[in-house]
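Structure incoming, see below.
What follows draws every value from the coordinates through simple rules; no lab data is involved. Please read these numbers as outputs of a predicted model, since none were measured by experiment. Using ideal geometry, Cβ is built from the backbone for each residue, glycine included, and neighbour counts are taken over all protein chains shown.
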Amino acid sequence: METRIFTPDEANALLPELNEDLRRLQTLTRQFEERCRELRSQKASWAVQMVDGTAGNADPFFEEESRLDFLRIEADLLISNFARKGVLLKMIEPGLIDFPAVVNGEDVLICWRQGESSVKHYHGWHDGYQSRKPLPDV
């Protein structure tokens, strides 16, 4: 797949949609993590019941594990949607998204952090968020 190159205006135009996708992904991720913690707790309690002989033989976790699988698949789909749009999702929490771009003739990544009103910074492909610099003319 060919890398899409964004201008700052193109990146800014896509931000509302990406921000909404990111919020949905964050919500799904939190739900998934919360349900995993609860399931681990239930399994630990069940293991104690298995040792003392008070647990039944049926698998009481099948339905919840299936729900977790569905949440994971849904999250994976949302994550892949970022790539289909040509952007790089760097972090879910806090939301960090990079846009391949060319600045001053150099291949770079325009970066955006959730909460910022628009793209205003960039960094090299091998640099991280800490190395970002202001975009020219911003």
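From the convex hull of the Cα coordinates of the chain, what is the mean projected area in square nanometres?
10.9 nm²
What order do you get for T7, T29 when you list them from fewest to most C-beta neighbours inside 10 Å?
Fewest-to-most Cβ neighbours within 10 Å comes out as T7, T29.
Each residue of the range 96-104 in turn: what ³J(HN,Hα) in whole Hz from Karplus with 6.51, -1.76, 1.60 and θ = phi - 60°, glycine and Pro shown as x?
10, 10, 10, 10, x, 7, 10, 10, 6
Expressed as an acute angle from 0 to 90° and rounded to the nearest 10, what is the orientation of the C-alpha long axis of helix 62-84 relative to the principal long axis of the chain?
Once rounded, one gets 10 degrees.
In degrees between 0 and 90, to the nearest 10, how far off the longest principal axis of the chain does helix 8-52 point, with axes built from Cα atoms?
Once rounded, the angle reads 20 degrees.
What length, rounded to one decimal in nm, is gained on full extension from S66 through to E116, with 0.36 nm per residue of separation minus their alpha-carbon distance?
So the extension gain works out to 14.3 nm.
Please go through the range 76-131 and write out the chymotrypsin sites (Phe, Trp or Tyr not before Pro) that DSSP classes as loop and that have at most 11 other C-beta atoms within 10 Å.
Here the chymotrypsin sites (Phe, Trp or Tyr not before Pro) that fit, given the DSSP loop and packing criteria, are W125.
Next question. Taking R0 as 25 Å, what FRET efficiency do you get between E38 and A83 from their Cβ-Cβ distance, rounded to the nearest 0.05?
Once rounded, the FRET efficiency stands at 0.25.
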